[in-house]
1. When residues of the range 15-44 are filtered for being hydrophobic (A, V, I, L, M, F, W, C) and outside any helix (DSSP H, G or I), how many remain?
2. List pairs: first residue in the range 67-90 and touching a residue at least 60 places away in the same chain (Cβ under 8 Å), second residue surrounded by 15 or more Cβ atoms within 10 Å (Cβ to Cβ) and outside any helix (DSSP H, G or I) anywhere in the structure, Cβ distance under 7 angstrom, at least six positions apart or on different chains.
3. Do we have Val68 as in contact with a Leu (Cβ under 6 Å, 6 or more places away or on another chain) and assigned to a helix (DSSP H, G or I) here?
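Bear in mind that the values in this text are calculations on the coordinates, not laboratory data. Computed from a predicted model, the values in this text were never measured in an experiment. Counting neighbours? That spans all protein chains shown, and the Cβs are built from the backbone with ideal geometry, glycine included.
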Amino acid sequence: MTPGDSPIPAEVESAIAEELLKVHVESYGAGAEAINVHVRDDTVVAVIDVELTPAEETLLDAGQGEAVKVTREAYQQAIAPTFQAIVERATGRRVDSFLSSMSLDPIYSVEFFRLAPER
């Protein structure tokens with residue numbers, strides 16, 4: 001790629017997926033069964049079929065799913081700067097905002113990034 005060329009969307013999506021997965025493994029000690037990243041206009045959406053840790057599985061089995069959801073979402077906000085940096089490096093654009101939410105049935109998380117307008 002020469003200076004000024006825009007990255008190929010599939011390469012951007014792949015780079016984001018790879019880095020997000022790496023952070024998940026390093027941060028949670030568990031990875032993901034699948035991760036799908038979609039870059040469109042001013043948004044980046046990552047849908048991650050997360051693997052729960054043994055502690056989270058125990059909580060879920062004990063009927064404490066809401067504790068897993070709340071803790072995961074709080075942790076995602078705590079590491080938001082790391083996630084935002086990944087998206088900014090891959091897209092070459094600043095992230096204006098980040099949202100994270102987790103589903104327990106089925107188990108997955110959604111990471112949503114709103115990008116600043118292009119200059």
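1. 7
2. Phe83/Phe98; Phe83/Glu111; Val87/Val44; Val87/Val95; Val87/Phe113
3. So Val68 passes the test.
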